[in-house]
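Heads up: the structure comes next, in structure tokens.
Values quoted throughout were computed directly from the atomic coordinates according to the rules given, and no laboratory measurement underlies them. All values reported here derive from a predicted model rather than from experimental measurement. Positions of Cβ are backbone-derived with ideal geometry, glycine not excepted, and every protein chain shown enters the neighbour counts.
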Amino acid sequence: MTAQTTLVNARTTRRLAAVLMAGAAVLAIAGFTALGSVFDYPQILKAPTADILARYRAHQGAVTGWFAVLVVGAALLAPVGVLLGRIGAARLGRWTAGAGIAAAAVQVAGLSRWVLFVPGISADAADPARTAGAFRTFERLHTWLGEIVGETIGYALTAAFTVLVVRAVTRAVAPRWMSYLGYLSAALIATGVLIPLGLAAAGLSNFAGYVAWCLWLIAMSVFLWRTPPTVQP
């Protein structure tokens with residue numbers, strides 16, 4: 001493979017990663033904004049099960065559709081991780097790819113319950129003969145797929161992925177402040193693992209972390225697109 005071909009491939013990898021990073025951020029922002037408006041998400045998750053499902057039924061099409069948008073946005077972390085892994089140094093690159101795939105998998109698992117399971121559960125809950133069973137099923141899914149897998153493990157893996165990207169890629173292609181923003185957003189996202197303990201401040205810091213993280217993703221996409229790759233002689 002010639003140096004020119006290697007350079008073209010490296011540029012293509014960077015630009016594809018940039019597009020997918022920006023796409024993940026835009027989908028996350030759009031999904032959370034829309035769900036906050038029509039479903040009072042994520043605050044609604046603290047409400048009684050009956051209230052959650054009633055609010056869901058009232059806006060089922062919109063809520064399901066916007067959760068599908070979040071699922072797609074979360075899934076993009078897998079190819080982003082793989083592409084950034086190719087840009088980073090060998091060992092860090094492998095860890096970055098693995099963390100991106102893992103973060104995508106757990107977030108998709110947690111969010112997809114709203115698309116795959118909650119429509120049927122919500123319909124059953126509207127039938128008095130099935131209400132109790134539907135509530136129990138929803139609460140189990142909410143605890144295991146939502147709080148434990150999608151949120152707690154998802155927060156930890158997203159934070160770890162972000163730190164790895166900073167170390168493997170950001171420091172090489174972006175100004176120092178971008179590394180600081182990446183580390184800050186990772187730290188704030190990681191506080192989300194404390195939410196199940198009932199710490200209200202953790203919820204606020206986690207939300208702030210995701211806002212900063214989306215901005216960091218978009219900024220990273222710009223630097224990846226604009227910074228030319230180099231080929232070692």
Quiz item: If you average the sequence gap of Cα pairs under 8 Å that are 6 or more apart and divide by the length of the chain, what percent do you get for the contact order?
Solution: 24
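To the nearest 0.05, how large is the calculated FRET efficiency for LEU204 and THR227 if R₀ is 25 Å and r is the Cβ-Cβ distance?
0.15
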Quiz prompt | Computed [θ] at 222 nm, helices only, for the chain once each DSSP H run of length n ≥ 4 contributes -39500 (n - 2.57) | solution = -24500 deg cm²/dmol
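Around ALA74, with a cut-off of 13 angstrom between Cβ atoms, what is the net charge of the other residues, counting Lys and Arg +1 and Asp and Glu -1? Present the calculation step by step, with values, prior to reporting the outcome.
Values: positive: ARG113; negative: GLU151.
That sum, taken over residues with Cβ under 13 Å, equals 0.
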Quiz prompt | Cα long-axis angle, helix 154-165 against the chain (0 to 90 degrees, to the nearest 10) | solution = 10
Self-check item: Ranking of TRP216, TRP177 by count of other Cβ atoms within 10 Å, fewest first
Solution: TRP177, TRP216
Quiz item: Local charge sum around GLY120 (other residues, Cβ-Cβ under 13 Å, Lys/Arg +1, Asp/Glu -1)?
Solution: +1
Quiz item: Using 7 Å Cα-to-Cβ label points, what is the THR12/ALA126 separation (nm, one decimal)?
Solution: 5.0
Quiz prompt | Ranked list, fewest to most other Cβ atoms within 10 Å of each Cβ, for MET21, MET178 | solution = MET178, MET21
Quiz prompt | Helix 49-58 axis, angle to the chain major axis (alpha carbon atoms, nearest 10°) | solution = 80
Quiz item: So if we plug the beta-carbon distance of VAL38 and GLU139 into 1/(1 + (r/R0)^6) with R0 = 22 Å, what FRET efficiency do we get, rounded to 0.05?
Solution: 0.45
